[in-house]
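These notes concern the structure reproduced below.
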Amino acid sequence: MTSKVRDYGKLAAQILHELGGEQNIISVSRCATRLRLVIQNQPDMAKDHIMALAGVITVVEKGGQLQIVIGTNVDKVYDAFMQLVNLTDTESINHKSSVLNRVIATMSAVFAPFVYILAAAGLIQGALILVSLVLPAFKSTGTYQVLSFMSWSPFVFLPIFIAMTASKHFKCNLYVAVACCAALVSPGWAELATLIANGQSVDFIGIPLSQTLYTSSVLPPLFLVWLLAYLERFLEPLINEVVKPLLLPLLCMLIMIPLTIVLIGPITSGSARFIADSYNALVAFAPPVAGGVIGGVWEIFVIFGVHWGITPVVMANFDMYGHDSFQAFQTIAVIGQVGAALGFYLKSKDREMRGISLSAFVTGIFGITEPAIYGVNLRFKKPFIYGCLCGLIGGVISGFFDPFYFAYAGLPGPLTIVNGISDQYPSSIIGIAIGSIIALVGPIVLTVIFGTGEKPPTSDIADDNAKILFESVQIKSPMIGNVLPLSAVPDPVFAEKLMGEGVAIEPLDNHVYAPCDGKIKVLFDKSRHAVGIVSNEGIELLIHVGIDTVRLTEPYFTYHVELEQQVKQGDLLMTFDMDKIKAAGCALITPVIITNSAEYQYIDPIDNISVTTADTILIIKQ
């Protein structure tokens, strides 16, 4: 659901609840637009329920992760989510997944927190390129020099940024990681590397050193921190507690810095350069082919959240050659989806979808395409196909002009096209501009001709989810028991009304009945601890029997209804074993929640009374 959300704490709590609580979470990370979760067991219908939450664009399962696409406010949801969970190191380390999945997850966790820093620096570089083009004398001014070194600083000291985020991901000491990676970009090592490059032999305890430089490098600091995490865990139990604060960082630095400049750095740098050279060989052999492949399929990689894996290749190209063609083609792919969102906005007659597509278009201008992909293009299929097709055509045509980026773009997109300007390669910006125009205008033309993919409205077919206007609706009690306020529930998700308004019932027997006429919309096949019903008026109710009962795997609960079954008020929905649930350590108090409370102006709970199924517990008015 793409509605705007401002209560990020509520959204985080709703996500956590749908996933079965803190005990079901293994690890949490985020990228620029996604909350990335690794969970033990995925509750039934959890994906669909999360997708329906206000503020969630979509949910993707990929790479062993549940990726919840939120957009540019993901940092706020992530911060709120982390306040609700307390993950241990063992939980994160012991999680098993494929090597490829772990590599992709690592790249995302490491680069996402500072990608906007790199994007901002790239925009400064692009602006300098433009100004210098108009005013060539500007390059000789002090203002240019200051802005230039400002823009390059994040890239020069990239290993330090990686140390900060990788230390968190790999669970090692932040300051030791920064100290080790700072050594890689220190002026002293740069001087030694220059001497080696000039033919002088320099060794460390008899081992000759290579001339590898580590400014703007990715893999050497990443592998350094990864191995540092293992080294710390190995050394910690061996060092006396009294001297550990001093000896642990001392030994880590003495081991990891020399090991990196002697072995890890040359090997990983060589690997990154080999991959970059392989890609560059394809570009040199058939640039239009490379352009077509990247322009046409890049956004498919974005769908599955695996796009971070290319970062070391791009950085290696900038490090070795000072330019990169991948980001030039990538920009065209991005603009293809931006153009598709704009075309949808211009063609669609649906007011809500026009608002969503316009917002996605604006976000896409800054190089973030997830809102466009998930909110509009992929949802209606045709716009996504238009964007990929025109990205492919634009990439092929631009390939004939030797397109390159001469400044790194953290988020390639329309604003970074100027990064392709260079006196040495004058045709570069021409190719990028032509490819970008095709990618932007092409989807608009195709949308006008072939449509948006929206289904035409049909007035003769009833909508099962249509809301019926009403003045007042009374919700009956689903149980016999004592009604309590939600604040009495020993679970903050319910007590603080993060799931919505409602009441709680302390049951006196083991039956749950329909509190209104409606249709069964939510059942839990494994735990069977709750039931969701949508009334004929469109009121969404969740009856959650007990607290923390989602973890119960034995048959504590029995359903007497099926999904999509129409029920009448008073029909038996489920029964449960009160004694077994108590013996399992779970409270029986049962929240009855209006999960779409925001749609109603007035919800009056009637609590602190004893009720039967004939009594009213909630009065709802529109």
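The values are calculated or read from the model by the stated rules, or taken from the named source; none is laboratory data. As the structure is a computational prediction, the values presented were derived from the model and not from experiment. Ideal geometry is used to build each Cβ from the backbone, glycine not excepted, and the neighbour counts take in all protein chains shown. SASA here: full protein model, heavy atoms, side chains in, ligands and nucleic acids out. Shrake-Rupley method; radii C 1.70, N 1.55, O 1.52, S 1.80 Å.
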Which residues, taken from region 255-280, are at pLDDT 90 or above and polar (S, T, N, Q)? THR260
Every residue in region 26-37 that is under 12 Å from the mean Cα position of the chain (by Cα) and in a strand (DSSP E or B), please. VAL28, SER29, ARG30, ARG34, LEU35, ARG36, LEU37
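Okay, residues lined up against (1) part of a loop (DSSP other than H, G, I, E, B); (2) acidic (Asp, Glu); (3) surrounded by fewer than 19 Cβ atoms within 10 Å (Cβ to Cβ):
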| residue | (1), (2), (3) |
| --- | --- |
| PRO555 | yes, no, yes |
| GLU564 | yes, yes, yes |
| LEU573 | no, no, no |
| ASP579 | no, yes, yes |
| ILE620 | no, no, no |
In region 343-381, how many are in a helix (DSSP H, G or I), surrounded by fewer than 24 Cβ atoms within 10 Å (Cβ to Cβ) and out of contact with any strand residue (DSSP E or B) (no Cβ under 9 Å at 6 or more places or on another chain)? 16
With the condition kept exactly as written, say whether any residue in region 443-451 is touching a helix residue (DSSP H, G or I) at 6+ places or on another chain (Cβ under 7 Å), modelled with pLDDT of 90 or more, under 24 Å from VAL362 (Cα atoms) and not in a helix (DSSP H, G or I). yes
Residue match in region 529-542 (condition: assigned to a strand (DSSP E or B), aliphatic (A, V, I, L, M), in contact with a Leu (Cβ under 8 Å, 6 or more places away or on another chain) and open to solvent by 30 Å² or more (accessible area, probe 1.4 Å)): yes
The one condition VAL550 fails out of (1) farther than 21 Å from ILE475 by Cα; (2) open to solvent by 60 Å² or more (accessible area, probe 1.4 Å) is (2)
Filter result for LEU588 (in contact with a Lys or Arg (Cβ under 8 Å, 6 or more places away or on another chain) and closer than 19 Å to THR613 by Cα): yes
Taking region 189-238 only, how many residues are part of a helix (DSSP H, G or I), free of Cβ contacts under 8 Å to residues at least 24 places away in the same chain, open to solvent by less than 40 Å² (accessible area, probe 1.4 Å) and over 19 Å from LYS168 (Cα atoms)? 2
Checking PRO507 against (1) under 34 Å from the mean Cα position of the chain (by Cα); (2) modelled with pLDDT of 90 or more, which single condition isn't satisfied? (1)
Determine whether region 294-315 contains at least one residue that is surrounded by 22 or more Cβ atoms within 10 Å (Cβ to Cβ), modelled with pLDDT of 85 or more and more than 25 Å from the chain's Cα centre (by Cα). no
